[in-house]
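The block underneath contains the structure these notes are about, expressed in structure tokens.
The numbers here are math on the coordinates, done by the rules we state, and not lab data. Since the model is a prediction, treat every value here as computed from it, not as a measurement. Don't worry about glycine lacking a Cβ; one is built from the backbone with ideal geometry, like all the others, and counts go over all protein chains shown.
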Amino acid sequence: MKRRNFLKNTAAGGIALTGLGSMMGASASESVSSDAKEFRLNYAPHFGMFSHSAGEDLIDQLKFMADQGFTAFEDNGLAGRETATQNKIGETLEKLGMTMGVFVVPKGGNMANTLASGKKEHLDIFLDGCRRSVEVAKRVNAKWMTVVPGAFERNLPIGIQDANVIEALRRGAEIFEPHELTMVLEPLSDSPDLYLQTSDQTYMICKAVNSPACKILYDIYHMQKTEGHLIRNIELTWNEIAYFQVGDNPGRKEPTTGEINYKNVFKYIYDKGFKGVVGMEHGNAMPGAEGEKRLIEAYREVDSFDV
């Protein structure tokens, strides 16, 4: 359903999730154009990215994203939201014709999700999070869930750690496969203590798990920091990549604010035929509504590659 039709059908009151009055929410969402051209790739903003332009109401933020031509959305913290909120998000995404991107598989409790350890209590927490994620995914029509295996176990040989992670992920895949869901493994650059850090390592793990329910989340920001050679490494690991996330480096802000030539990278994955989601997991370089406007302009700029 197009944005303008959705507004017509919901103009009587809107949907408020954060306690703001419906009139306030309507005025925020109605103040923007409904004729923005859709982007070539399915870029996915997150809540809070456009709160100065759309207001604090979550549904108004989704409407604003659709107004600006965004066709997807992601929410790392979705699993922690109330069930009623999850349902409202799912209903709104369907009406707006937007694709739900990733949310993070919940870890549960306070124990670190350290799959490399091979400890039963860590495995049980992970598998419980997988089962809970199935129900969350149904409410929002999600297909992908982020998994980070956790930290290195310094007292174990790396081959043993690899085997522990592979076995745990195979167990998780058994939960997701019947529902046609995919956990996407994200190598990170945040800390040298993290087990999963490079694209080739993640590729090896996915090959070993050998399931359509276990693929790579290639975060371009993290991989630029960890290994560089972005297009070459994307090519090498392409058949295990199910999802992308972006952020420029340094600073982890929108494309055009750092060193990554995102126009070239986006053209490459577009030419490869990528139809999935490109998550906008970064901050805004400038504050306020003006910064949000500049962010949208930046995506227009890097999305303007020749085809």
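Only Cα pairs within less than 10 Å get springs; with that Gaussian network setup on the chain, which residue of GLU82, GLU94, GLU281 has the largest fluctuation? In the Gaussian network model the winner is GLU82. Here the sum of -39500 (n - 2.57) over DSSP H runs of 4 or more residues, divided by the residues of the chain, equals -13500 deg cm²/dmol at 222 nm, to the nearest 500. Round to the nearest 10 and give me the degree value, 0 to 90, for the angle of helix 58-67's Cα axis relative to the longest principal axis of the chain. The two axes meet at around 80 degrees. Counting neighbouring beta carbons within 10 Å and listing from fewest to most, the residues HIS222, HIS229 come out as HIS229, HIS222. Of all DSSP beta bridges confined to the chain, the antiparallel ones make up roughly 5%.
Loop-located trypsin sites (Lys or Arg not before Pro) across the stretch 230-306 with a Cβ neighbour count of 13 or fewer within 10 Å are LYS272, LYS275, with loop assigned by DSSP.
Hey, what angle do you get for helix 83-96 against the long axis of the chain, alpha-carbon based, 0 to 90 degrees rounded to 10? Helix 83-96 sits at roughly 60 degrees to that axis. Axis angle, to the nearest 10 degrees, between helix 288-302 and the longest C-alpha principal axis of the chain: 70 degrees. For the stretch 203-215, 3J(HN,Hα) computed residue by residue from phi via the Karplus equation (6.51, -1.76, 1.60; θ = phi - 60°) reads 4, 4, 4, 5, 4, 5, 5, 6, 9, x, 8, 9, 9 Hz, glycine and proline entered as x.
If you wrap the Cα atoms of the chain in a convex hull and average its projected area over all directions, you get 15.5 nm². Put simply, the amide H of LEU194, placed in the peptide plane, has neighbours under 5 Å in PHE152, leaving out anything fewer than 5 places away on its chain.
Projecting the Cα atoms of MET204, HIS179, ILE59 onto the charge dipole of the chain (Cβ charges, centred on the Cα centre) puts HIS179 farthest toward the positive pole. Computed over the stretch 189-307, the P(r) tail beyond 16 angstrom holds 62 percent of alpha carbon pairs. Restricting the GluC sites (Glu not before Pro) of the stretch 157-221 to loop positions (DSSP other than H, G, I, E, B) with no more than 11 neighbouring Cβ atoms within 10 Å leaves GLU180. Put a plus charge on the Cβ of each Lys and Arg, a minus charge on the Cβ of each Asp and Glu, and nothing anywhere else: the dipole of the stretch 3-302 about its Cα centre is then about 480 debye. The residue list PHE152, ALA44, THR257 was ranked by how far each Cα lies along the charge dipole of the chain toward its positive end, using unit charges on Cβ atoms, and ALA44 comes out on top.
For ILE260, neighbours were defined as the other residues whose beta-carbon sits under 15 Å from its Cβ, and their charges (Lys and Arg +1, Asp and Glu -1) total -2. Across the stretch 147-202, the volume of the C-alpha convex hull divided among the residues equals 77 Å³ per residue.
The ranking of THR114, THR226 from fewest to most other beta carbons within 10 Å of each one's beta carbon is THR226, THR114.
Close amide-amide hydrogen proximity is noted between ALA44 and VAL278, GLY279, MET280, each under 5 Å apart and 5 or more residues distant or on a separate chain (H modeled in the peptide plane; Pro and chain starts excluded). Using θ = phi - 60° in the Karplus curve 6.51 cos²θ - 1.76 cosθ + 1.60, the 3J(HN,Hα) couplings for the stretch 178-187 round to x, 9, 6, 9, 10, 7, 10, 7, 10, x Hz; x is entered for Gly and Pro.
For the stretch 125-134, the Karplus equation 6.51 cos²θ - 1.76 cosθ + 1.60, evaluated at θ = phi - 60°, returns couplings of 5, 4, 5, 4, x, 5, 5, 5, 5, 4 Hz by residue, with Gly and Pro reported as x.
Taking amide H atoms as placed 1.01 Å from N in the peptide plane, the amide H of THR182 lies under 5 Å from those of TRP144, MET145, each 5 or more residues away in sequence or on another chain. If R0 equals 25 Å, the separation of the Cβ atoms of ARG131 and GLU167 corresponds to a calculated FRET efficiency of about 0.90.
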